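Working notes, beginning with the structure itself.
The values are calculated or read from the model by the stated rules, or taken from the named source; none is laboratory data. Note that the coordinates shown come from a computational prediction; the quantities given were computed from them, not determined experimentally. Because the Cβ atoms are built from the backbone with ideal geometry, glycine has one as well, and the counts that use them run over all protein chains shown. For the accessible areas, the whole protein counts, side chains as well, though only heavy atoms, and no ligand, DNA or RNA atoms are used. Shrake-Rupley method; radii C 1.70, N 1.55, O 1.52, S 1.80 Å.
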Amino acid sequence: MSAAALAVTAFGALPAAASDASSPTTSSGSSQTGTAKAVAGQVHLDVQLLNGLLGALHLTGPNGLDLPLADLSLGEADAPNASGDSANFTNSVVRLRDNLINTLHLPGPDADLIKADAVSGTARVINGPGGYTQAYATVANLRLFLPLLNLPGASADNGILKVDLISAQATCVPGQKPTASAKMPATIQLLGQDFPVPLTGEVKLDVPGVADIDVQLAPTTTIDSAGASAAVEAQVTLNALNLAKVNGGITLASASCTTPGAAAAGSGTGTPSGQSSSSNSAAGGTTTTTTSTAAAKPKAAAAAVTTAAPAAPAALDESQTGALAHTGASGSLMPIAIVAVVLVLGGAGLLVFLRKKAAGLRPKE
């Protein structure tokens, strides 16, 4: 290889080296996994049995017997879970806990707290391209029973409170606005009497000398760019004179989801880095920060690679080292460049000498 060719090769390697150094490395990274959850017939009630009921059981006290009924439900499904990416339930009966059954000496059927004709709930997470998360819960003819409390109009079939049909669903798809909806019941039944559910959701029943019942039904829906949730809840207040007091809530149906791979979906919409797309803004406007952060990481990596040059040789002064840092070239390549220039000049002089000699001209002394 001639001296000129060697010089060209050496100079050709310099831009390539600088280009390789300034190219950001690509990291695959693990995509965020979404979640889904469905719940039906979840009870959070504080039941106080008064002395009018407890006398026969010899369980008297100054304030009766307090029964906190919490975290009892017809079904609850979460995904992902230890068994996989989906879960479902169809249970239709919730019974009191064994310690309460033993304390109150309840026979089998009287230990039921909630029954339903049909219950269905599913939570699932679908990963990969076209993936999504989804949850739904549906309950038909949910009935609430209270231990030892037999009020006029209540029956062993319909209990104290009966709700006809409730449902909730939530779906989260990357790059799309999450959706959620909750279906309120059209009617409810209190002590055997049917009542249409008004727009306010509140139904009251006053049976003089027996009981006052107040049921407040409310749908709730929350949607933002990170996920969605929907639920139908019932707040129950009951005062059965000298028999029992009940206060608390029942989550009749609930569904929620979080969007899978939210960061990856936001950066793959073709929007310039640091800006949020119009669809993300419509979904709640909370993905701008995520998009900016994701776009800034490759830039930071490129800057780190470009400016991380080896220490300058001792022969170079500070001004030379600063100039190299600004261009992105390494100081260790300068001796190679100097040698290449010397070779080029030497080769050119030799070429002129040979041409003159071939022409019969005497070179100048």
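Around the amide H of Leu148, modelled in the peptide plane, lies no amide H under 5 Å away from a residue 5 or more places distant or on another chain.
Step through the table entries Lys37/Lys115; Lys37/Lys183; Lys162/Lys183; Lys115/Lys162, compare each Cα-Cα distance with 19 Å, and write down the pairs that go over it. Cα-Cα > 19 Å for Lys37/Lys115; rest within. Got a sec? Which residues in the range 63-95 would a label at Gln48 touch, if it sits 7 Å along Cα→Cβ and we count backbone N under 15 Å? Residues passing the 15 Å test: 63-69. Per-residue surface analysis assigns Lys204 an accessible area of about 130 Å², computed on protein heavy atoms at 1.4 Å probe radius.
Between Asn91 and His105, the distance separating the two model label sites (each 7 Å from Cα on the Cα→Cβ line) works out to 2.9 nm. Computed on protein heavy atoms with a 1.4 Å probe, the accessible areas place Ile114, Ile101 in the order Ile101, Ile114, largest first.
The modelled label-to-label distance between Asn150 and Asp164, using points 7 Å beyond Cα along the C-beta direction, is 3.0 nm.
Among the aspartates and glutamates, which have Cα under 20 Å from the Cα of Lys177 when same-chain residues fewer than 8 positions away are ignored? Excluding near neighbours in sequence, the set is Asp224.
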